[in-house]
1. With E69, E73 as the choices, which residue is closer than 26 Å to S173 by Cα, part of a loop (DSSP other than H, G, I, E, B), among the acidic types (D, E) and not assigned by TED's automatic domain parsing to the domain that holds L156?
2. Is it true that some residue in the stretch 419-430 is in contact with a helix residue (DSSP H, G or I) (Cβ under 6 Å, 6 or more places away or on another chain), of a type outside the set (G, A, S) and at pLDDT 95 or above?
3. Please find, among N328, N322, the residue that is touching a residue at least 60 places away in the same chain (Cβ under 8 Å), crowded, with 16+ Cβ neighbours inside 10 Å and closer than 20 Å to V426 by Cβ.
4. Answer with yes or no whether V170 is closer than 23 Å to T104 by Cα, of a type outside the set (S, T, N, Q) and crowded, with 21+ Cβ neighbours inside 10 Å.
5. Considering each residue of the stretch 77-91, count those that are without any contact (Cβ under 8 Å) to a residue 60 or more places away in the chain and either under 12 Å from L22 (Cβ atoms) or among the polar types (S, T, N, Q) (or both), and give that number.
6. For the stretch 146-167, give me each residue that is buried (at least 18 other Cβ atoms within 10 Å of the Cβ) and under 19 Å from N300 (Cα atoms).
7. Select from the stretch 132-156 the residues that are among the aromatic types (F, W, Y) and either over 29 Å from T6 (Cβ atoms) or assigned to a strand (DSSP E or B) (or both) and list them in ascending order.
8. Checking the conditions here, which among G89, G100, G85, G68 is within 20 Å of D14 (Cα to Cα) and either surrounded by fewer than 18 Cβ atoms within 10 Å (Cβ to Cβ) or of a type outside the set (G, A, S) (or both)?
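The values are calculated or read from the model by the stated rules, or taken from the named source; none is laboratory data. Keep in mind that what you see is a predicted model, and the values were worked out from it rather than measured. Here the Cβ positions follow ideal geometry from the backbone for every residue, glycine too, while neighbour counts run over all protein chains shown.
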Amino acid sequence: MADTFTQYFEGLKDKKILVLGLGVSNRPLVRLLLQAGCQVTGCDRAPREKLEPEVLELEKLGCTLHLGESYLEGLSADVVFRTPGMHPGNPALEALRASGAEVTSEMEVFFQLCPCKIIAVTGSDGKTTTTTLISEMLKAQGYRVWLGGNIGTPLLSEIPHMTAGDMAVVELSSFQLMDMDRSPQVAVVTNLAPNHLDVHKDMQEYVEAKKNIFRYQDETGVLIVNGDNAITAPFRGKGKTRFFTRQGHTDNGATLEDGWICRDGEKVLDTRDILLPGVHNIENYMAAILAVEGLVSDENIRQVAKTFGGVEHRIELVAVKNGVKYYNDSIASSPSRTIAGLESFSQKVLLIAGGYDKHIPYDVLGPVICAHVKKLYLNGATAEKIRQAVVQAPQYREGSPEIAMCGDLYRAVEAASREAQPGDVVLLSPASAGFDQFKNFMERGNVFKKLVKEL
């Protein structure tokens, strides 16, 4: 497969290449293109003074930089690699297509060239944990596993090191899936709820993008879907479709029965052995168990459950300070994720929420906050929208919960730490993306952890 990989990049040698967006996933791609002798122009909205040293290093290696607010103007190319966050219908991309350019992405090329089996996960919630669980189960069985995609590890540059017996496990966002024309051998859809409506035209476009994870499977493909979710339950693949349900019953997949996760009626995992808190993690385990069916023994599945402590930024215990527990749930960038986080705790918490506005509704969050939060610290662009969702909830009573408008994350952490009492839980679970204050949810989570540790 290394030969196919080499052939692909050699085929680009005499072509004019545009790479749109110089974030994490595209930087290794630029290096590969430069190593292949390609003429590469890297385009990014950031001005030169805000570029990270790694991007400036690409310039030293021969990449021409096209920067600033006009970075999409005056472009021409033979091949264009778009950043995952750019809508495929962007007018600049449409113009490039009309001029004869091929528009693709790092992930599309990875799917084209990957020599080993691909298991891919998408959904509105739970995809990072589910993807990581699948990876851990496969590793416990002895496979060499390549974990990446939307999680943050670009895999295209790793293809020369992969063999046919390896496993690639990737998390895919709706942005990555929008113009994909290949599907993985095993596809998992954890659930779907309104998300990213600041980028997608509407909810239907978002759902259709997610369907690309299984749309191009053949009869040998496996699709695993959430049978409890109204949107995903009707999904059917061309091959085998398997369901997981915590609330109902199926003879075709995974169910919860008397505290056990069962696969086709057979007990696989006692939920008491799962270290991760929350019923949503039972669903994540169900999905993962079906994804590794026939690949991983039940014994190794149980071993992972007993030892896996969770992914960073997902209900991550940061510290205990003066009897107060601080949890980082920065990955919760939508209301449904925050709801799952809040329902993981048996006590009312001090919640820090708010951030970038993705133009999604927050009304579902109000009643849950009323039930699970004793004080709410709001910051960022969505602060007022979340406040309105809470005060308009039928369960809301004046001062229950108390609501503090804090401006930014720094002031929210300061206020929560000042008012928290021994035995309290302070939870960062924003229900919003972080782009109004941070590069991504990871930076937001790391800043939160730093602030907590400095208390």
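1. Working: E73 fails: closer than 26 Å to S173 by Cα.
Of E69, E73, the one residue that is closer than 26 Å to S173 by Cα, part of a loop (DSSP other than H, G, I, E, B), among the acidic types (D, E) and not assigned by TED's automatic domain parsing to the domain that holds L156 is E69.
2. Of the residues in the stretch 419-430, the ones in contact with a helix residue (DSSP H, G or I) (Cβ under 6 Å, 6 or more places away or on another chain) are 426, 428-429.
Next, from what is left, pick out any that are of a type outside the set (G, A, S): 426, 428.
Still in the running and at pLDDT 95 or above: 426, 428.
Yes, the conditions are met somewhere in the stretch 419-430.
3. Details: N322 fails: crowded, with 16+ Cβ neighbours inside 10 Å.
None of the other options fit; the residue is N328.
4. Values: closer than 23 Å to T104 by Cα: yes; of a type outside the set (S, T, N, Q): yes; crowded, with 21+ Cβ neighbours inside 10 Å: yes.
Yes.
5. 1
6. Listed by number, the residues that qualify are W146, L147, M167.
7. Start the filter on the stretch 132-156 by keeping residues that are among the aromatic types (F, W, Y), which leaves 143, 146.
Within the stretch 132-156, just W146 meets the criteria.
8. Details: G89 fails: within 20 Å of D14 (Cα to Cα); G85 fails: within 20 Å of D14 (Cα to Cα); G68 fails: within 20 Å of D14 (Cα to Cα).
Criteria check complete, one pass: G100.
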